[in-house]
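Every number in this text was worked out from the coordinates using simple rules, so none of it is lab data. Predicted model only: the values in this text are computed from it and were never measured. Please note: Cβ atoms are built from the backbone with ideal geometry, for glycine as well, and neighbour counts cover all protein chains shown.
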Amino acid sequence: MSKPATPVAPPLKDELDIVIPTIRNLDFLEMWRPFFEPYHLIIVQDGDPSKIIKVPEGFDYELYNRNDINRILGPKASCISFKDSACRCFGFLVSKKKYIFTIDDDCFVAKDPSGKEINALAQHIQNLLSPSTPLFFNTLYDPFREGADFVRGYPFSMREGVPTAVSHGLWLNIPDYDAPTQLVKPRERNTRYVDAVLTIPKGTLFPMCGMNLAFNRELIGPAMYFGLMGDGQPIGRYDDMWAGWCTKVITDHLGLGVKTGLPYIWHSKASNPFVNLKKEYKGIYWQEDIIPFFQSVTLPKECTTVQKCYIELSKLVMEKLGPIDPYFQKLADAMVTWIDAWDELNSPQSAPAAADGKDGSSSKKK
């Protein structure tokens, strides 16, 4: 008689929070239940705080709405975007865990070419727990994956790699396109599953998408600020881009790594390209100045922490991008406010901030 299999504990169960921004009931969690149910969820409700968001039974979660954000942050709540998925970074702020996985509510479980459902969270964890190689490119992709290694000619002195701060996942079905590309390719779908993970080289920027993203909060958390976007701002849909540019400059400076590739999720619906164009059009112009700015940024050696790097970056944003538009002056100020809020909520003395059930919010345990 064979022994029953010993249950395998989910990886990093007590060290990882899943952050989800939403304006609707979270029925999509049913599909993710086998993978997400053991973990703690932080749900950031955008828009009308009086609306009741329903979460399927059995999940361990906290739910924060705009009233909670105002209550917890006070005047500093001005740095958290409203009516934009950038509000997710509030979840990063109040988490007390080492790792964060964040996903959008229109993203579902994808299948690999064999038809097996992909556990995106497990792949992100694998990426974060293995080193990155930003200093020298390995042509056989990630040398730390099973079945791969460093190729001939790779310097032995660099084979230890560096700690991985960010794991950036991709999408099947609806690609993450900007509005002009959506308009000219309305029926395009991504059907290619590429079984690869790459380290983004040092000195190279990338367009970071927040809908399937994980990071080591202790290594890079304060840089994961999704900017001032959405309601009352002249720009939207650049929140994750902004966080990605800032994060990459800081990881390069601090000797950390960023991986991209696996895991895939299934992105279920394309947003309206005309609405997107209205949100993006200033960003499309501005990015032609923003990208060269980030490419030329050099942080002083005195910047030895993420917070110090981010404050220095905010000064450079004010100085170099401020003259382009007053929005960047406002954004630079918000970057400082964000760091103040981060330090306040994450100091050793601060108690965990919880949604207390007031003002339409709810907190529910499994």
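Between the amide H of F226 and those of C89, distances stay under 5 Å, these residues lying 5 or more places away or on another chain, with hydrogens modeled in the peptide plane. Straightening the chain between N190 and D48 buys 47.8 nm, computed as 0.36 nm per residue apart minus the Cα-Cα spacing.
Given a Förster distance of 35 angstrom, what is the FRET efficiency for L183 paired with T298, based on the Cβ-Cβ distance and rounded to 0.05? Rounded to the nearest 0.05, the efficiency is 0.40. Under the combined filter of DSSP loop state and at most 12 neighbouring Cβ atoms within 10 Å, region 211-281 retains these trypsin sites (Lys or Arg not before Pro): K269. In this simple spin-label approximation, E146 and R24 carry label points 7 Å from Cα along the Cα→Cβ vector, and these lie 3.7 nm apart.
Taking Cα extents along the principal axes in Å as calculated from this structure, the corresponding entry among [x] 63, 53, 39; [y] 67, 52, 51; [z] 73, 53, 46 is [y].
Electrostatic tally near F328: other residues with Cβ closer than 15 Å to its Cβ, Lys and Arg +1, Asp and Glu -1, net -2.
Among I324, I103, sorting on how many other beta-carbon atoms sit within 10 Å of each Cβ, with the fewest leading, yields I324, I103. Dividing the Cα radius of gyration of region 237-313 by its Kirkwood radius returns 1.06 for Rg/Rh. Close amide H partners of I103, meaning residues 5 or more places away or on another chain with modelled amide H under 5 Å apart, are V19. Mean residue ellipticity, 222 nm, helices only, the chain: the sum of -39500 (n - 2.57) across DSSP H runs of n ≥ 4, divided by residue count and rounded to 500, is -9500 deg cm²/dmol. Please identify, among G74, G255, G227, the residue showing maximal mean-square fluctuation in a Gaussian network model of the chain using a 10 angstrom Cα cutoff. In the Gaussian network model the winner is G74. Counting only DSSP beta bridges whose two residues both lie in the chain, roughly 45 percent are antiparallel.
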